[in-house]
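Here's the structure, in structure tokens; my notes come after.
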Amino acid sequence: MTAATLLDRLEAVRQNGPARWRARCPAHDGKNRDVLSITEAGDGTVLLKCFAGCTALEIVGAVGLELHDLFPRVEWQTTGNHMPLPKRPRTDWPALILACERDLILVKIVLTMVSNGEPISTEDAAACQAAATRVYRLVQEQRDIDAAGVRAERRHRETGTR
Ligand SMILES: [Zn+2]
């Protein structure tokens, strides 16, 4: 998402930079409440820091969002089930690597929460599962494409020498 979705739900928001805001932390009470820092990274990931120590999970939970809402939606191009033989499809590596990185960050955050004994929602667990599946499929897909390429090459060599 963009930070706007979150900012709409926060109070006492003031901008203090191109993609930086301060706001009242919805996750804790007391005097020092305007200590929530929100930064939108270049890829749309929203970074949260409460100087009173609230976790990102507590903060998004307090305004009815989920942890995965802090990450931009990754749209995966589906190429259908046709095997791209023997031509290799062009792979947008920078986009794929960025998508993998986001997925791994999500998994890492959730794992950290689990190891800290924090509860995770079923949505976050599902997002984590989906992230792991995407990375796994990506690796498998590339292996299949490589294997298909090798087979096609071998066929070509065999028929060529005959
Ligand atoms: Zn807080």
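Summing Lys, Arg as +1 and Asp, Glu as -1, what charge do residues with Cβ under 9 Å from the Cβ of VAL46 carry, VAL46 excluded?
Once all neighbours under 9 Å are counted, the net charge is -2.
Tell me, what ³J(HN,Hα) does each residue in the stretch 100-114 have, in order and in whole Hz, if you take phi through Karplus 6.51 cos²θ - 1.76 cosθ + 1.60 with θ = phi - 60° and put x for Gly and Pro?
In residue order, the calculated couplings are 4, 4, 4, 4, 5, 5, 4, 4, 5, 4, 5, 5, 4, 4, 4 Hz.
Projected onto the charge dipole of the chain (+1 at Lys/Arg Cβ, -1 at Asp/Glu Cβ, origin at the Cα centre), which of ALA148, ASN16, SER115 gives the Cα projection farthest towards the positive end?
It is ALA148, whose Cα lies furthest towards the positive end.
Among GLY53, THR5, LEU106, which residue has its Cα positioned farthest towards the positive end of the charge dipole of the chain, with +1 placed on the Cβ of Lys and Arg, -1 on the Cβ of Asp and Glu, and the dipole taken about the Cα centre?
Comparing the listed Cα positions along the dipole, LEU106 ranks first.
Given a Förster radius of 30 Å and the C-beta distance between ARG154 and ILE97 as r, what FRET efficiency does 1/(1 + (r/R0)^6) yield to the nearest 0.05?
E between ARG154 and ILE97, to the nearest 0.05, is 0.50.
Return the long-range amide H neighbours of CYS50 (sequence gap of 5 or more, or a different chain), with a cut-off of under 5 Å between placed amide H atoms.
SER37
Rounding to the nearest 20 debye, state how big the charge dipole of the stretch 1-73 is about its Cα centre with +1 on each Lys and Arg Cβ and -1 on each Asp and Glu Cβ.
Using Cβ point charges on Lys, Arg, Asp and Glu, the stretch 1-73 gives about 280 debye.
Placing unit charges on C-beta atoms (Lys and Arg positive, Asp and Glu negative, everything else neutral), compute the dipole magnitude of the chain about its Cα centre in debye, rounded to 20.
With Lys and Arg at +1 and Asp and Glu at -1, about 720 debye.
How large is the translational diffusion coefficient of the chain in µm² per second when you combine the Kirkwood radius over alpha carbon pairs with Stokes-Einstein at 25 °C and 0.890 mPa s?
In µm²/s, the coefficient rounds to 132.
Over the chain, what is the relative contact order in percent, taking alpha-carbon pairs closer than 8 angstrom and at least six residues apart?
Taking the mean separation of contacting Cα pairs over the length of the chain, I get 16 percent.
What full-extension length gain, to one decimal in nm, is calculated for LYS49 and THR112 as 0.36 nm per residue of separation minus the Cα-Cα distance?
Extra length from LYS49 to THR112 when fully extended: 21.1 nm.
For the Cα atoms of the chain, what angle does the longest principal axis make with the long axis of helix 122-161, in degrees from 0 to 90, nearest 10?
Approximately 20 degrees, to the nearest ten.
In 10 Å bins starting at zero, report the fraction of Cα pairs in the stretch 1-73 per bin as a rounded %.
Once binned at 10 Å, the Cα pair distances of the stretch 1-73 give 22, 60, 17, 1.
Laboratory data are not the source of any read-out in this text; all were calculated from the coordinates shown. Note that this is a predicted model, so its numbers are computed, not measured. Cβ atoms come from the backbone with ideal geometry, glycine included; neighbour counts cover every protein chain shown.
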